[in-house]
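The values are calculated or read from the model by the stated rules, or taken from the named source; none is laboratory data. The model shown is predicted, which means the values in this text are computed figures rather than measured ones. Counting neighbours? That spans all protein chains shown, and the Cβs are built from the backbone with ideal geometry, glycine included.
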Amino acid sequence: MKKTPYLLSTFLLIAILAACGGNAPASSVDLEPVAPAQAASTPTEVPAPTGETAPVTEDQATAESEASSSIVSYASDIAPIIDAKCIKCHGIESRKEGLDLLTYDNLMKGSRNGVALTPGDANNSLFVQLIVEGEMPNRGDRVTPEELQLIIDWVNQGALNN
């Protein structure tokens, strides 16, 4: 199955949303980590419980910046997400597309489609793209925006086995 039309559509959508000045829907996730200096000077908005947007306070922006700039651990942050959302179809019951996520080494080997992720580059990592596009997981509970951001940060930090 070719992913080019999906990738092109995804990147086009991201570019359009980025041009809107950060007023993207609550389901969007930044694929690039925000530098602490940028976070403090760039106004960001988070969804309010009513569905309207409310400005983020400086304390919230600092906390979000610190969270995205902290080191993400494969063992304590990523492996539990994979175990809860991915391992059933990619390791325990089957190994769909030849992707076995039982171990870090297997994840790094990739699948029949090639490498699953490019350390340091979440934008060009099929593993991340399929989650962002909503194609994975294709059954069971979806990855939450917070979990997705952890995965993105981990990949952008080099996808270390830490």
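A few remarks follow.
- The lone criterion from (1) assigned to a loop (DSSP other than H, G, I, E, B); (2) at pLDDT 90 or above; (3) surrounded by 16 or more Cβ atoms within 10 Å (Cβ to Cβ) left unmet by LEU31 is number (2).
- Residues of segment 89-111 that are among the polar types (S, T, N, Q), at pLDDT 85 or above and either under 17 Å from ASN161 (Cβ atoms) or exposed (fewer than 14 other Cβ atoms within 10 Å of the Cβ) (or both): THR103, ASN106.
- Count of segment 81-104 residues which are in a loop (DSSP other than H, G, I, E, B) and closer than 18 Å to ILE152 by Cβ: 2
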